[in-house]
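Participant: If you scroll down you'll find the structure; I have some questions about it.
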Amino acid sequence: MRVLLRTATSEDHARLDAHISQLDLREPGPRAVYSRILYRGTLRVGHACQWQAAEATALMARMVEALGPDFPDDNPSHYDVPIEADAAAYVLLGSQMGLSLLRQGLAPAQRTGALAMTPDTAAWTAFSQRIARSATGTEAARRIVDDARRVFGIFQAEAATLLTPAAERTP
């Protein structure tokens with residue numbers, strides 16, 4: 001199932017990565033934008049999965065709690081249609097693996113906002129082991145894949161809202 005998810009969401013993941021890669025996370029301003037994208041996206045995903053995201057439930061709560069004080073007025077004015085818990089878990093926990101790579105390239109003083117959070121690799125391992133036992137040819141599997149693509153879309157929309165094209169950014 002994890003291979004199916006990775007394959008089916010690869011283009012969505014690449015699009016989101018392309019937006020995020022515009023940010024120079026060594027600088028405070030872009031780090032704040034990155035954190036805001038994660039916060040706003042996590043809020044929307046949390047509402048859509050009713051704050052139940054399998055092994056990512058605790059991570060989602062920590063992210064909102066940690067970043068919320070930085071963005072008190074950033075509450076989505078709309079909510080997304082329901083999302084399967086495993087779809088939310090796949091994207092949220094997977095993003096933690098990416099976060100660990102991003103943190104490696106930063107000095108400890110640059111690990112602020114979302115980048116200050118230690119990735120929950122144990123939750124990713126538990127999710128990966130559980131999802132590996134899931135059947136892939138079922139209606140439930142199709143819903144999880146479709147919803148994982150929607151979760152990437154939520155974060156993509158937040159990134160598109162908060163990032164301007166590189167040519168339009170002021171130095």
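The values are calculated or read from the model by the stated rules, or taken from the named source; none is laboratory data. Being a predicted model, the structure only gives us computed values, none of them experimental. As a convention, Cβ positions derive from the backbone with ideal geometry for all residues, glycine included, and neighbour counts pool all protein chains shown. SASA here: full protein model, heavy atoms, side chains in, ligands and nucleic acids out. Shrake-Rupley method; radii C 1.70, N 1.55, O 1.52, S 1.80 Å.
Participant: Can you send over the carbon and sulfur percentage of the accessible area for the chain, probe radius 1.4 Å, protein chains only?
Facilitator: Using a 1.4 Å probe with all protein chains present, the chain comes out at 55 percent carbon and sulfur.
Participant: Need the C-alpha centroid separation for segment 93-121 versus segment 21-71, integer Å.
Facilitator: Cα centres, segment 93-121 to segment 21-71: 12 Å.
Participant: Multiplying the sequence separation of A66 and T118 by 0.36 nm and subtracting their Cα-Cα distance, what value in nm do you get?
Facilitator: Answer, rounded to one decimal: 17.6 nm.
Participant: With +1 on each Lys and Arg Cβ and -1 on each Asp and Glu Cβ, how big is the dipole of the chain about its Cα centre, in debye rounded to the nearest 20?
Facilitator: The calculation lands at about 380 debye.
Participant: So what is the relative contact order for segment 1-111, in percent, with contacts set as C-alpha pairs under 8 Å and at least six apart?
Facilitator: Value for segment 1-111: 28 percent.
Participant: Whole number in Å², please: accessible area per residue of the chain, 1.4 Å probe, ligands, DNA and RNA not counted.
Facilitator: Per-residue accessible area for the chain comes out at 51 Å².
Participant: Also: Diagonalise the Cα gyration tensor of segment 1-72 and give the resulting equivalent ellipsoid semi-axes, square root of 5 times each eigenvalue, largest first, whole Å.
Facilitator: Three semi-axes, in Å: 22, 20, 9.
Participant: Assign one of three labels to the chain, namely rounded, prolate or oblate, based on the Cα gyration tensor with a ≥ b ≥ c the square roots of its eigenvalues; rounded applies when a/c is under 1.5, prolate when it is not and a/b is larger than b/c, and oblate otherwise.
Facilitator: Verdict is prolate for the chain.
Participant: Quick check: residue separation of T138 and Q104 times 0.36 nm, minus the Cα distance between them. What number comes out in nm?
Facilitator: 8.4 nm
Participant: So how do 18-25, 36-43 stack up, highest first, on mean other-Cβ count within 10 Å?
Facilitator: Result, highest mean Cβ count within 10 Å first: 36-43, 18-25.
Participant: If one takes the longest principal axis of the Cα atoms in the chain, at what angle in degrees, from 0 to 90 and to the nearest 10, does the Cα axis of helix 28-48 lie?
Facilitator: Helix 28-48 sits at roughly 30 degrees to that axis.
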